[in-house]
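Notes follow once the structure below has been shown.
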Amino acid sequence: MARRYDPGRRQRIIDAAIRVVGAKGIAGLSHRSVAAEADVPLGSTTYHFRTLDDLMVAALRQVNEGFAEVVAARGTLEDSRADLAAELAGLIGEWLAGDRTGVELEYELYLAALRRPALRPVAAEWIDSLVGPLSRRTDPVTARALVALLDGICLQALLTDTPYDEGYAREVLGRILGSGGGSGAGRS
């Protein structure tokens, strides 16, 4: 029997893995659960993704794109006239106001890197994708501190189920940036 060409199968498998993690958590992810969700033969999942780590790397890369899209859509992080603390607080507010399941899923995959070294480079890519533009507005150390604070604020909002407080976020971000709110470019 001839093998059927299915160019979208790899993507369907990634999408199915994201849905499985969203519904059952990382513990529910297996080649078998993903194959059932994607409605593909079990061998297809192992053909495209030899290990679960390979599949999780692809899924994490894809969900990271959601936050990158929010950042790109705002397009103000590199505007030296904009109040950086206010922009970052607004950015996080916009992201958290979106699909909460998607945000939780992104963090679940992101935090899975603690136990799965194969995911660490992808988690680092996410961090670097934000540190890069922030470093053009401030110094690299401050940029990393801002990203760490943003992670903490998001995790606290997700874990405590409390509403996001944009004013609080703007205040603490401003404290890291100094009284100028990070409006100046190229600080050191």
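The values are calculated or read from the model by the stated rules, or taken from the named source; none is laboratory data. Model, not experiment: these values are computed from the prediction. Please note: Cβ atoms are built from the backbone with ideal geometry, for glycine as well, and neighbour counts cover all protein chains shown. Ligands, DNA and RNA are excluded from the accessible area calculation, which covers all protein heavy atoms including side chains. Shrake-Rupley method; radii C 1.70, N 1.55, O 1.52, S 1.80 Å.
As a test of the formula, what do you get for the chain when each DSSP H run with n ≥ 4 contributes -39,500 (n - 2.57) and the sum is divided by the residue count, at 222 nm and rounded to the nearest 500 deg cm²/dmol?
Numbers: 9 runs with 130 residues, N = 188.
Rounded to the nearest 500, it is -22500 deg cm²/dmol.
No solvent, one uniform scatterer per C-alpha: report log10 I(q)/I(0) for the chain via the Debye equation at q = 0.11, 0.14 1/Å, two decimals.
Debye output, listed in q order: -0.55, -0.80.
At 15 Å minimum axial length over the Cα atoms and a Kyte-Doolittle cut of 1.0, report the qualifying DSSP H helices in the chain, or say none.
Details: long enough: 9-24 (22 Å, -0.12); 52-74 (34 Å, 0.50); 84-97 (19 Å, 1.30); 100-112 (18 Å, -0.10); 120-135 (21 Å, 0.41); 140-160 (30 Å, 1.45); 166-177 (16 Å, 0.00).
Counting only whole DSSP H runs, the qualifying helices are 84-97, 140-160.
Only loop residues by DSSP count here, and only those with at most 16 other Cβ atoms within 10 Å; note down the GluC sites (Glu not before Pro) in the stretch 1-97 that meet that. Intermediate values should be presented prior to the final figure.
Working: sites: Glu37, Glu65, Glu69, Glu78, Glu87, Glu94; in loops: Glu78.
Hits after loop and neighbour filter: Glu78.
Rounded, prolate or oblate: which fits the stretch 86-143 when a ≥ b ≥ c are the square roots of the eigenvalues of the alpha-carbon gyration tensor, with rounded for a/c under 1.5 and prolate only if a/b beats b/c?
Numbers: a/c = 3.31, a/b = 1.16, b/c = 2.85.
Judged from the Cα gyration tensor, the stretch 86-143 comes out oblate (a/c at least 1.5, b/c at or above a/b).
Counting only protein heavy atoms, what percent of the accessible surface of the stretch 1-103 is carbon or sulfur at a 1.4 Å probe? Walk me through the numbers on the way to the answer.
Values: 2830 of 5520 Å².
C and S fraction of accessible area: 51 percent.
What do you get for trypsin sites (Lys or Arg not before Pro) in the stretch 22-55 restricted to DSSP loop and a cutoff of at most 13 other Cβ within 10 Å of the site's Cβ?
Working: sites: Lys24, Arg32, Arg50; in loops: Arg50.
Loop-located and lightly packed - Arg50.
Full-extension gain between Tyr168 and Arg115, please, as 0.36 nm times their residue separation minus the C-alpha to C-alpha distance. List each step's numbers first, then the result.
Numbers: separation 53, 0.36 × 53 = 19.08 nm, distance 3.17 nm.
That pair, Tyr168 and Arg115, stretches by 15.9 nm at full extension.
What are the chymotrypsin sites (Phe, Trp or Tyr not before Pro) within the stretch 46-94 that DSSP puts in a loop, where the Cβ has at most 13 other Cβ atoms within 10 Å? If you can, show how the numbers build up before the last one.
Details: sites: Tyr47, Phe49, Phe67; in loops: Phe49.
In loop regions of the stretch 46-94 (DSSP not H, G, I, E or B), there are no sparsely surrounded chymotrypsin sites (Phe, Trp or Tyr not before Pro).
Calculate the spin-label point distance for Ala36 paired with Asp161, positioning each point 7 Å from the Cα along the beta-carbon direction, and give it in nanometres.
My value for the distance between the label points is 2.7 nm.
Determine the gain in length on full extension of the stretch Glu94-Ala124; use 0.36 nm per residue of separation and subtract their C-alpha separation, reporting nm with one decimal. Intermediate results must be reported in sequence, preceding the final value.
Details: separation 30, 0.36 × 30 = 10.80 nm, distance 2.23 nm.
Here the answer is 8.6 nm.
Can you tell me the order of 51-60, 133-142 when each peptide is scored by its average per-residue count of other Cβ atoms within 10 angstrom, highest first? Can you show the working numbers first?
Details: 51-60: 20.1, 133-142: 16.9.
Packing proxy ranking, top to bottom: 51-60, 133-142.
What number comes out for accessible area per residue over the stretch 1-132 if the probe is 1.4 Å? Units Å², please. Present the calculation step by step, with values, prior to reporting the outcome.
Values: 6940 Å² over 132 residues.
Accessible area per residue, the stretch 1-132: 53 Å².
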